[in-house]
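Trainee: Take a look at this one; I'll ask things after.
The values are calculated or read from the model by the stated rules, or taken from the named source; none is laboratory data. A quick note: this is a predicted structure, and the numbers were derived from the prediction, not measured. Quick reminder, even Gly has a Cβ in these numbers, built from the backbone with ideal geometry, and neighbours come from all protein chains shown. For accessibility, only protein heavy atoms count, side chains too; no ligands or nucleic acids. Shrake-Rupley method; radii C 1.70, N 1.55, O 1.52, S 1.80 Å.
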Amino acid sequence: MSRSRETCSHEALLLEPSAYAKEVGYSWPSSDRRLAATTKSGRNPLIRKGQKVEDVEKLSEAIANNLSGTFPGPLILPGDELALDPKDPPQSFRSWLNEGLRKNRKLNRKCKTLYVAIAPEITSSVSFMKAGLQPSVRKGSRVTATKSLDPPSPEDIIKYTGAFYHGLLVEAFPGSFQFVPWDESKKSRKSDSDTGYVGLLAGKNSTRIRYRPSPDGVFKYQLNLNDLIDAAIEMLTGDAYSLLLLVNHDMYEDEDDVFCCGRAYGADRVAVVSTARYHPALDDHANIDFAHMWPTSHCKSYVDQLCGEEGLRQDTEMATRVANTSGPLRAAVEAIRGFENSALEDPRGLWFSRITRTVVHELGHCLGFAHCVYYACAMQSSSCMAEDLRQPPYLCPVCLGKVSHAIACELEGRDEAGKYEYVKDRYRSIADFCDSWKHVGLFAGYGAWLRARLEQLDIT
Ligand SMILES: [Zn+2]
Ligand SMILES: [Zn+2]
């Protein structure tokens, strides 16, 4: 079913969680708690001696309203991760800062490289694996093979990641690695009909990787995520802060899974991301509404429609406030006008834009960030592809505080003023990247969001 409505003009934008959020018992942290979540002390910075509680609340509310056109609340639509798990505990800046495991994994000058290991080469002795790279989708009752499309370029992914984690080294993992035969495969296949094995060879080390057909029939083979994580841990070297392994095959985590797109083992500082399910040919299959991916996911009439299907009505004053005003979210929505129709002119660019968000999200876990429940944010958890594409590419104030503290303060030794400068430099570096990709909707929107945000920061 396609929800796309060509006439939608995205006039009113929703800046707070949907009516459905309340229905499922998610309570949005108050403006006071959200401010407190950004500080070292864990206290609202507006609290001064002798000040009345009501005054602090009023002032916090005013600041939150001002910020809402930049950092709206998480949408939380039916089926979204926070709707399924509304009590997921928040991780404030303070709780991240004091997290025990972090002591052994702070960034330092000797250990500040984020490695991206590029999809292993498929050697001729396991050439059957190539058949696992193209999805096939169902049209009515017929299964159709999709047009072949090269996966996003790893060089572009590395470049984007370097801009997003401005100040860190992001590099391709040196050395080659390949899929090779795994000796056990013949005897093991007898007992378990569906599961086979290949080896992932990195240097002299070969790791056993299980594979099976994807349960929904979209891919001929999918690889076991836990085995890939084991391989990534083996590959981690001394100067690596973390390692992200990129694969173009579909993945699964356990027996009951249909698929998964990415996972990080933060404590081990390794992550694996699969490009497979972000293939634009799967959009109908995944029920993607092209007209309402971020930033237009905040379109009020779109949210109303989805909540309306659950018998709910949005009752909000804040929602329409940015309808006619400027600000980063509005700027992003304006910047992608017309992209609904042209989005498939560069399907590979569209595919790439989706991967960038997952890559920086998983690397965020390697830096110790938990899933975000405070705002719409690149560190939000997602339950399905449609939700994934509704989430923004930027970090909210809480998560941005963590990144800038880790890089500007802990790694570069800057003070608070230096951290503020870092935030602006980082925004500029991502905006420059977006400029060179502005024919792709997500980057056009993100670029506009960044420029408008920089303007706000220059005024204050
Ligand atoms: Zn995550
Ligand atoms: Zn966040």
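Trainee: Look through A264, A286, A271 and report the one residue that is in contact (Cβ under 8 Å) with a residue 40 or more places away in the chain and under 25 Å from V137 (Cβ atoms).
Mentor: On the way: A264 fails: under 25 Å from V137 (Cβ atoms); A271 fails: under 25 Å from V137 (Cβ atoms).
The conditions single out A286.
Trainee: Assess whether R348 counts as being outside the structural domain of S31 (by TED's automatic domain parsing), among the charged types (D, E, K, R), surrounded by fewer than 17 Cβ atoms within 10 Å (Cβ to Cβ) and more than 14 Å from ligand 1 (Cβ to nearest atom).
Mentor: Numbers: outside the structural domain of S31 (by TED's automatic domain parsing): yes; among the charged types (D, E, K, R): yes; surrounded by fewer than 17 Cβ atoms within 10 Å (Cβ to Cβ): yes; more than 14 Å from ligand 1 (Cβ to nearest atom): yes.
Here the answer is yes, as R348 does meet what is asked.
Trainee: Pick out the one residue from A378, A370, A332 that is out of contact with any strand residue (DSSP E or B) (no Cβ under 6 Å at 6 or more places or on another chain), open to solvent by 20 Å² or more (accessible area, probe 1.4 Å) and either assigned to a helix (DSSP H, G or I) or not hydroxyl-bearing (S, T, Y) (or both).
Mentor: A370
Trainee: Whether any residue in segment 60-74 is surrounded by fewer than 19 Cβ atoms within 10 Å (Cβ to Cβ) and in a loop (DSSP other than H, G, I, E, B) is what I want to check.
Mentor: No: segment 60-74 contains no residue that is surrounded by fewer than 19 Cβ atoms within 10 Å (Cβ to Cβ) and in a loop (DSSP other than H, G, I, E, B).
Trainee: Quick check: anything in segment 240-256 part of a strand (DSSP E or B), in contact (Cβ under 8 Å) with a residue 24 or more places away in the chain and within 16 Å of ligand 2 (Cβ to nearest atom)?
Mentor: No, the conditions are met nowhere in segment 240-256.
Trainee: Name the single residue, out of those in segment 381-425 being in a helix (DSSP H, G or I) and of a type in the set (F, W, Y), that is surrounded by the most Cβ atoms within 10 Å (Cβ to Cβ).
Mentor: Y422
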